[in-house]
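The values are calculated or read from the model by the stated rules, or taken from the named source; none is laboratory data. Quantities reported herein were computed from a predicted structural model and do not represent experimental measurements. Positions of Cβ are generated from backbone atoms using ideal geometry, with glycine treated the same way; all protein chains shown enter the neighbour counts.
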Amino acid sequence: MKKLEGEIPIFFMVWILVVASLSYCHTVGKVTSPGTTRLLAILPVVFFFFYLPLNLTTIFLGGPSSFFLAWLANFKLLLFALNKGPLATTPPTSISHFIPLACLPIKFRNDPKNHEKKRTSCQKSTLNYVTKALIFSTSLHVYHNKQFIHRKILLFLYSIYMYTGLELTLALVASLARVFLGIDFEPQFDEPYLATALQDFWGSRWNIMVSRILHPTVYEPVREISTGALGTTWAPIPAVIASFFVSAVMHELIFYYIGRTLATWELTCFFLLHGICLSIEIMIKKAFDGKWGLPAAVSGPLAMAFVVATGLWLFLPSIMVRCEPDVMAYREYTAFTEFMKSVSNFVKVSFLSIVGN
């Protein structure tokens, strides 16, 4: 309780510094040309954004902040320095749009009519969210009885809770942002369990926000460099592996922020393994010119089995040892619940005293 209360003012101070830093970057964009000069002017902010998450230690405040600053904002700022990415617009975006766009996974509405049609066509059903909410509601029961559950089964259940919890949270925040601020959050997941292959899983269904930021910052530059040596057909292979490597490094960093323990490199092995396997999948498709392949009904379950097996082998055990996210989340959830109860009791007592007088 005291830890969470003590972190709240630090959290606000961190984000005040973020707003000030991004205001500086917005000004830099006005007075410098894209290229080396703008990059040198923005690099101190990039290093500062790597430092700021070290001031936060809770999973609910520190976890998202570290992702938004060290990964999302920094990659967008590097693109902005080269006149690329969502921050580089013509005419230049206003500071009121620049700041949230730089550090949050959002997009502003340009054409409300077309946007509404697009949003309606891809909106998930209420039943979809209700089902995921019911699944996630079992997480507390599983946590309290985890000593009786086989470790592999427990990790598998935690992977489901991680996915459903993130999707429900983002859906709620996106709905509030759409209603009150007129902005939309970028989609994070698109039913990843329906993936037909690794390429479909990583490119279109899982962590879409990360894929979209890695594509212009890592994939495209490496592919351009590789084209001269490998040709246009095979240049995507090193680009894919480089993207997975950068993703691995950033995941190691984010979990360092959360758990404050040094990397054990299982996460890096997980992402490099998937990068290599995805590259093999791409090479097979190119070798057969896309005319040979397993039916989706077969390739989909095989891809998901591979994701789950490698996740239980490399990804989740590393996170559980380094961060104990279930323990951290439960402790902070309990502290927040107690805080809300105390606020409720205070309001109730104040109301009764006013009525009594």
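Looking at Gln188, Gln199, which is the one that is under 30 Å from Ile280 (Cα atoms) and in a helix (DSSP H, G or I)?
On the way: Gln188 fails: in a helix (DSSP H, G or I).
Result: Gln199 is the single residue among Gln188, Gln199 that is under 30 Å from Ile280 (Cα atoms) and in a helix (DSSP H, G or I).
Among the listed residues Leu87, Leu78, Leu56, Leu82, identify the single one that is farther than 30 Å from Arg260 by Cα and touching a Ser or Thr at 6+ places or on another chain (Cβ under 9 Å). It would help to see each step written out before you state the result.
Values: Leu78 fails: farther than 30 Å from Arg260 by Cα; Leu56 fails: farther than 30 Å from Arg260 by Cα; Leu82 fails: touching a Ser or Thr at 6+ places or on another chain (Cβ under 9 Å).
Unique residue meeting the criteria: Leu87.
Could you list, in sequence order, all residues of the range 125-148 that are of a type in the set (Gly, Ala, Ser) and outside any helix (DSSP H, G or I)? Outline the logic, then answer.
Restricting attention to the range 125-148, the residues satisfying the condition of being of a type in the set (Gly, Ala, Ser) are 125, 133, 137, 139.
Once the filter is applied, which keeps residues that are of a type in the set (Gly, Ala, Ser) and outside any helix (DSSP H, G or I), the range 125-148 yields Ser125, Ser137.
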Practice prompt. Quick one: Val246 ticks every box in (1) of a type in the set (A, V, I, L, M); (2) out of contact with any Ser or Thr (no Cβ under 7 Å at 6 or more places or on another chain); (3) surrounded by fewer than 17 Cβ atoms within 10 Å (Cβ to Cβ) except a single one, so which number is it?
Written response: (3)
Response to the item:
Of those in the range 73-84 that are of a type in the set (A, V, I, L, M) and crowded, with 19+ Cβ neighbours inside 10 Å, the residue nearest to Phe336 (Cα to Cα) is Ala73
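Which of the residues that make up the range 28-38 are part of a helix (DSSP H, G or I), surrounded by 13 or more Cβ atoms within 10 Å (Cβ to Cβ) and either of a type in the set (Ser, Thr, Tyr) or out of contact with any helix residue (DSSP H, G or I) (no Cβ under 8 Å at 6 or more places or on another chain) (or both)? Write out each step before concluding.
Our first condition is that a residue be part of a helix (DSSP H, G or I); within the range 28-38, this holds for 28-31, 36-38.
In the following step, the residues that additionally are surrounded by 13 or more Cβ atoms within 10 Å (Cβ to Cβ) were identified as 28-29, 37-38.
Thr37, the sole residue that qualifies.
Looking only at the range 86-103, which residues are free of Cβ contacts under 8 Å to residues at least 12 places away in the same chain and crowded, with 16+ Cβ neighbours inside 10 Å? Give the steps one after another, and end with the answer.
The initial filter retains those residues of the range 86-103 that are free of Cβ contacts under 8 Å to residues at least 12 places away in the same chain, namely 89-91, 93-94, 96-97.
If the condition is that a residue be free of Cβ contacts under 8 Å to residues at least 12 places away in the same chain and crowded, with 16+ Cβ neighbours inside 10 Å, then Thr93, His97 are the ones that fit.
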Worksheet item: Out of the range 338-357, which residues are in a helix (DSSP H, G or I) and over 41 Å from the mean Cα position of the chain (by Cα)?
Response: Val349, Ser350, Phe351, Leu352, Ser353, Ile354, Val355, Gly356
Worksheet item: Counting only residues that are hydroxyl-bearing (Ser, Thr, Tyr) and more than 19 Å from Gly85 (Cα to Cα), which one in the range 205-246 is nearest to the chain's Cα centre (by Cα)?
Response: Ser226
Discussion item. I'd like to verify a number: residues in the range 104-136 that are surrounded by 16 or more Cβ atoms within 10 Å (Cβ to Cβ), β-branched (Val, Ile, Thr) and modelled with pLDDT of 90 or more, how many?
Written reply: 1
Fill in: When residues of the range 286-303 are limited to those that are out of contact with any helix residue (DSSP H, G or I) (no Cβ under 6 Å at 6 or more places or on another chain) and under 12 Å from Leu198 (Cα atoms), the one modelled with the lowest pLDDT
Ala296
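Given Tyr158, Tyr193, which one is in contact (Cβ under 8 Å) with a residue 12 or more places away in the chain, aromatic (Phe, Trp, Tyr), crowded, with 18+ Cβ neighbours inside 10 Å and assigned to a helix (DSSP H, G or I)? Walk me through how you get there before you give the answer.
On the way: Tyr193 fails: crowded, with 18+ Cβ neighbours inside 10 Å.
After applying the criteria, what remains is Tyr158.
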Practice prompt. Report, by residue number, each residue of the range 286-317 that is free of Cβ contacts under 8 Å to residues at least 12 places away in the same chain and of a type in the set (D, E, K, R).
Written response: Asp289, Lys291
Discussion item. As an exercise: evaluate Asn83 against (1) farther than 24 Å from Asn207 by Cα; (2) without any contact (Cβ under 8 Å) to a residue 40 or more places away in the chain; (3) not charged (D, E, K, R) and give the number of the one condition it does not meet.
Written reply: (2)
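Hey, among Ser342, Ser243, which residue is without any contact (Cβ under 8 Å) to a residue 40 or more places away in the chain, within 26 Å of Asn74 (Cα to Cα) and of a type in the set (S, T, N, Q)?
Ser243
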